[in-house]
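The values are calculated or read from the model by the stated rules, or taken from the named source; none is laboratory data. What you are looking at is a predicted structure, and each value in this text was computed from that prediction instead of being measured. Please note: Cβ atoms are built from the backbone with ideal geometry, for glycine as well, and neighbour counts cover all protein chains shown.
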Amino acid sequence: QMCEKFTVCQNSMEMLLHNNLNLPKVTEEDGDFLTFLSFQDKCLRKISSGLYTFQTYLKYIQETFISENQNVESLSYSTEHLARTLRQMVINPEEVIIPDAATQESLHTKLKSIKAWTEKITIHLILRDFTSFMEKTVRAVRYLKNTRSFSV
């Protein structure tokens, strides 16, 4: 949709040059793949922390991508709900990193300072990485659901 509306496509060189966002990622080291069983708690902590971190990015998209405000608001609400649910499943929920208000405000200010011509690229990068993060989250939760009894 971003590619069609704003001619912001994945292979744009400009996008690659401006990808200095520090977006959350789930990696093999987080226990999301073959070694998942021994890293279940670590994986859930990482996913929950990442979802909380994405909240600030989603707020930025909601304020910037006005035509999709309702969709982004719904996405943000669902993301927060999933983050809370997964946090409750962690052995020590207080180990889940939730960005404090100052960190969120600093990131929000940084995002708001982005020039209009790179705004669409930033939105695209955030949504692309959020999609990748959610794909890995679904895989991890599905695997966890099949290996131990819990429901999300």
Within segment 131-152, of all residues that are among the polar types (S, T, N, Q) and in a helix (DSSP H, G or I), the one nearest to Gln55 (Cα to Cα) is Thr131
What pairs come out if I take residues in segment 64-75 that are farther than 21 Å from Ser113 by Cβ and at pLDDT 90 or above and pair them with residues that are aliphatic (A, V, I, L, M) and surrounded by 13 or more Cβ atoms within 10 Å (Cβ to Cβ) whose C-beta lies under 7 Å away, six or more apart or interchain? Leu75/Leu58
Cross-chain or 6+ apart pairs with Cβ under 6 Å, segment 109-130 first and farther than 18 Å from Gly50 by Cβ, then aromatic (Phe, Trp, Tyr) and surrounded by 15 or more Cβ atoms within 10 Å (Cβ to Cβ): Ile123/Phe65
Every residue in segment 58-114 that is outside any helix (DSSP H, G or I) and crowded, with 18+ Cβ neighbours inside 10 Å, please. Phe65, Val90, Val96
For the structure I just gave you, tell me whether Thr122 is out of contact with any strand residue (DSSP E or B) (no Cβ under 9 Å at 6 or more places or on another chain), at pLDDT below 90 and not acidic (Asp, Glu). yes
